[in-house]
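Have a look at the structure below before the remarks.
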Amino acid sequence: MNEQKRYFSRELLSWYRANRRDLPWRRHSNPYYTWVSEIMLQQTRVETVKPYFERFIALFPTVEALAEAAEEEVLKAWEGLGYYSRARNLQAAAREVKEQYGGSIPDDKAKVSALKGIGPYTTGAIMSIAFNRPEPAVDGNVMRVLSRYFRLHDDIAKAGTRAHMEHLAQELIPEGCASEFNQALMELGALVCTPKSPACLPCPVMEHCAGRIAGEELMLPVKTKAKPPKPELRYAAIVEGAGEHAGKVLVRQRPDTGLLARMWELPHLLAPKTGGLLDLREEEAMGALRHGLQPEGVRLRPLGHWTDAEHTFSHIHWQMRVYRCVIEEAPDAITGGKYAWIGPEEMERLAFPNLFLRLLHAYFAERGQNG
DNA sequence: AACTCGGGGCG
DNA sequence: CGCCCAGAGTT
């Protein structure tokens, strides 16, 4: 190994030992904590994860506790964190670990890798952080650091690039220090070698950073842009209950697979493509709501526009127009359609994505004020 | 290799 | 408002 590499490993490890953050999942050495935190940290920032991790561990302190919980409970604990298949896969894997390995995460790369929701990155993270095995844990952060330090112009959006990075990352791990070193690599990416404005002056490895020396630190890593999300106009109904359902609104549960699987939401539908005049939008929307939900057994009478909401997923942009409605035919007797009347109390049990969480809170707050 | 899957933070 | 993500599963 050359001097540039030895220097990098030595200085980075030393820097980490002096600068490591005190994070909830670092307070105890517990493979289950490492596992849960790494799943939560996929595509998600540390500051966002912290409170979720604390609540999750309080609710499900062990693999067994998670395995024995009801799925709705796990989804509720994940509410607002996004990528909900992570939560379902995590629990499925916890049940696997309980049944197959007596509740202990195996110190075995192939077995860890075979668990649901654990891909190449998380395998490396668990094997190294929890078991100190010299496995690379290459995420976007690590690819950014390595791209800059070694001045690599490979497109990190390409699948093949990660293989190269993994080879390099493994080579850099100091003997017996995989756990600390891999965390150091990610810590540097999070605190110093940041995407937009890297703090090169305080960087512990600046002296031999090829990207910095070439003046290319802002051009690296090379990454092709993702295509923009597809816009979708949607009409949603906020249905006020009457009689025994007074003070409540109608919600429905999404299908078992696909976008926001098994999460709860306001009834809504994709706007028919009509290309109509803007003036006719309200009529068109209310008509679509009135007829569009009938196949599910819900017949509505839209009263008027209530509010608008937008939500961007990675590949879809929802523009949602929400209409106040009253019900003409309840879906009680309809099979398959999962509908429920809920008030603020019932919201505590059901898991909603943030878009609908915000709308429901706004609605109940407004209704509370108006009596 | 391309697509599906949330959400927030930041310049 | 564009751009950044501490990725994995499916096709």
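The values are calculated or read from the model by the stated rules, or taken from the named source; none is laboratory data. Just so we're clear, the structure is a prediction, and the values are computed from it rather than from any experiment. For neighbour counting, all protein chains shown are included, and Cβ atoms are generated from backbone atoms with ideal geometry for every residue, glycine included. Side chains are part of the model used for accessible areas, which takes the heavy atoms of the whole protein and leaves out ligands, DNA and RNA. Shrake-Rupley method; radii C 1.70, N 1.55, O 1.52, S 1.80 Å.
A few comments on the model shown:
- Near pairs, Cβ below 7 angstrom, 6+ apart or cross-chain, from segment A:69-95 (more than 16 Å from A:R254 (Cβ to Cβ) and polar (S, T, N, Q)) to any residue that is within 13 Å of DNA strand B (Cβ to nearest atom) and open to solvent by 10 Å² or more (accessible area, probe 1.4 Å): A:N89/A:G117
- Scanning segment A:77-120 for residues that are under 13 Å from the mean Cα position of the chain (by Cα) and assigned to a loop (DSSP other than H, G, I, E, B) turns up A:E79, A:G80, A:L81, A:G82, A:Y83, A:Y84, A:G117.
- Residue within segment A:288-296 that is of a type outside the set (F, W, Y), in a strand (DSSP E or B) and within 13 Å of A:E265 (Cβ to Cβ) present: no
- Set A:V138, A:V145: member being closer than 30 Å to A:A210 by Cβ, in contact (Cβ under 8 Å) with a residue 12 or more places away in the chain and not in a helix (DSSP H, G or I): A:V138
- When the residues of segment A:38-75 are filtered to those that are within 13 Å of DNA strand C (Cβ to nearest atom) and outside any helix (DSSP H, G or I), the one that is farthest from A:R95 (Cα to Cα) is A:R45.
- Considering only residues in segment A:306-329 that are assigned to a strand (DSSP E or B), of a type outside the set (D, E, K, R) and farther than 16 Å from A:V249 by Cα, the one that is farthest from DNA strand B (Cβ to nearest atom) turns out to be A:Q319.
- When we screen A:S14, A:S29 for residues that are out of contact with any Leu (no Cβ under 6 Å at 6 or more places or on another chain) and under 26 Å from A:C209 (Cβ atoms), the only hit is A:S14.
- Qualifying position, being within 12 Å of DNA strand B (Cβ to nearest atom), surrounded by 19 or more Cβ atoms within 10 Å (Cβ to Cβ) and assigned to a helix (DSSP H, G or I), among A:T123, A:T161: A:T161
- Filtered by the rule that a residue be among the hydroxyl-bearing types (S, T, Y) and either within 15 Å of A:T34 (Cβ to Cβ) or touching a strand residue (DSSP E or B) at 6+ places or on another chain (Cβ under 6 Å) (or both), segment A:47-94 gives a lone residue, A:T62.
- Complete set of residues in segment A:83-120 that are more than 12 Å from DNA strand C (Cβ to nearest atom), out of contact with any Asp or Glu (no Cβ under 7 Å at 6 or more places or on another chain) and open to solvent by 50 Å² or more (accessible area, probe 1.4 Å): A:R95, A:E99, A:Q100, A:Y101, A:G102, A:S104, A:D107, A:D108, A:A110, A:K111
- Condition check for A:G215: within 30 Å of A:L191 (Cα to Cα) and open to solvent by less than 60 Å² (accessible area, probe 1.4 Å): yes
- Within the set A:E180, A:E187, A:E207, A:E232, the sole residue that is in a helix (DSSP H, G or I) and surrounded by fewer than 19 Cβ atoms within 10 Å (Cβ to Cβ) turns out to be A:E207.
- Pairing residues of segment A:158-183 that are more than 24 Å from A:W35 (Cβ to Cβ) with residues that are assigned to a loop (DSSP other than H, G, I, E, B) and of a type in the set (D, E), at Cβ distances under 7 Å and at least 6 apart in sequence or on separate chains, gives A:T161/A:D154; A:T161/A:D155; A:H164/A:D154.
- A:E366 falls short on exactly one of the conditions (1) surrounded by 14 or more Cβ atoms within 10 Å (Cβ to Cβ); (2) within 21 Å of A:A242 (Cβ to Cβ); (3) out of contact with any His (no Cβ under 8 Å at 6 or more places or on another chain), and that condition is (1).
- Scanning segment A:305-312 for residues that are charged (D, E, K, R), within 30 Å of A:G368 (Cα to Cα), surrounded by fewer than 18 Cβ atoms within 10 Å (Cβ to Cβ) and without any contact (Cβ under 8 Å) to a residue 24 or more places away in the chain turns up at least one hit.
- Residue tally, condition among the small types (G, A, S) and within 16 Å of DNA strand B (Cβ to nearest atom), over segment A:26-44: 1
- For A:Q43, the criteria (1) within 30 Å of A:V205 (Cα to Cα); (2) surrounded by 15 or more Cβ atoms within 10 Å (Cβ to Cβ) hold in every case but one, which is (2).
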